[in-house]
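S.K.: To start, I am sharing the structure in question, which I have written as structure tokens.
The values are calculated or read from the model by the stated rules, or taken from the named source; none is laboratory data. Everything numeric here is computed off the predicted structure, so don't read it as measured data. As a convention, Cβ positions derive from the backbone with ideal geometry for all residues, glycine included, and neighbour counts pool all protein chains shown. Protein only, heavy atoms only, side chains kept; ligands, DNA and RNA dropped before computing areas. Shrake-Rupley method; radii C 1.70, N 1.55, O 1.52, S 1.80 Å.
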Amino acid sequence: KNEVEQSPQNLTAQEGEFITINCSYSVGISALHWLQQHPGGGIVSLFMLSSGKKKHGRLIATINIQEKHSSLHITASHPRDSAVYICAVRSKPGGSEKLVFGKGTKLTVNP
Amino acid sequence: NAGVTQTPKFQVLKTGQSMTLQCAQDMNHNSMYWYRQDPGMGLRLIYYSASEGTTDKGEVPNGYNVSRLNKREFSLRLESAAPSQTSVYFCASRWDRGNTEAFFGQGTRLTVV
């Protein structure tokens, strides 16, 4: 079982819909990252969370440390939101810190 | 505001050829990383460097070498490329004090034929 599981793997939505992408992890973490990758493009950090909730424009990220679960929400989705969204957790197994990545959720928003 | 710069963006190699992927960051970050991204898999750590002059193996180091030339630059070398090394490579950096975000380069798409 992967340490970081994302769902769904693929998501297609109509413009304007509310989007939720989920991330579950099985290790103790110091922080969780949500990243965005456009087709053929680089990776951009959207959020870094260690507790609670963060909001940036139409994007909202939440984390529940007890349940080892995080969600990324996109309100009023737009075709330009089409990208792969990646969840990554920062953990410290044996004292050496590392980032463990989920496989990503491919989001397509149709006009 | 360059952030993390990787070169080249694309490369095609023949099996057995060597090449070096370059990465530079202008944010004065201590830690730098090299990842590979393959279809259906999450990013996997090849090597990382916690500070100038130090490097450590990640999850998939075989077939690669790295060099932390100075605080800004962290290069990844393939001495004898193999088709299994066809991948997209990302360099990243971060300030390693506390919980800070990582910054990624644009990626290098490498094909080994």
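S.K.: At 1.4 Å probe size, put B:Glu73, A:Glu67, B:Glu52 in order of accessible surface, largest to smallest.
M.R.: A:Glu67, B:Glu52, B:Glu73
S.K.: Convert each backbone phi in segment A:53-59 into a coupling constant with the Karplus relation 6.51 cos²θ - 1.76 cosθ + 1.60 (shift: θ = phi - 60°), then list the ³J(HN,Hα) values in order as whole Hz, x for Gly and Pro.
M.R.: 8, 9, 10, 9, x, 8, 9
S.K.: Take every Cα pair under 8 Å in segment B:31-79 that's 6+ residues apart, average their separations, divide by the length, and report that relative contact order as a whole percent.
M.R.: 28
S.K.: HN-Hα J couplings of segment A:45-50 from phi, Karplus 6.51/-1.76/1.60, θ = phi - 60°, integer Hz, Gly and Pro as x?
M.R.: My calculation for segment A:45-50 gives 7, 9, 9, 10, 10, 10 Hz in order.
S.K.: Could you tell me whether segment B:1-110 comes out rounded, prolate or oblate from its Cα gyration tensor? Rule is a ≥ b ≥ c as square roots of the eigenvalues, rounded for a/c under 1.5, then prolate if a/b exceeds b/c, otherwise oblate.
M.R.: Prolate, because a/c is 1.5 or more and a/b exceeds b/c.
S.K.: Classify the protein assembly as shown as rounded, prolate or oblate from the Cα gyration tensor: take a ≥ b ≥ c as the square roots of its eigenvalues, call it rounded if a/c is under 1.5, otherwise prolate when a/b beats b/c and oblate if not.
M.R.: prolate
S.K.: In a shell of Cβ-Cβ distance under 13 Å around A:Gly41, excluding A:Gly41 itself, what net charge do Lys and Arg (+1) and Asp and Glu (-1) give? Kindly include the intermediate steps, with their values, before the conclusion.
M.R.: Numbers: positive: A:Arg80, B:Lys9, B:Arg109; negative: none.
That sum, taken over residues with Cβ under 13 Å, equals +3.
S.K.: Multiplying the sequence separation of B:Val88 and B:Thr5 by 0.36 nm and subtracting their Cα-Cα distance, what value in nm do you get?
M.R.: 28.4 nm is the gain from fully extending B:Val88 to B:Thr5.
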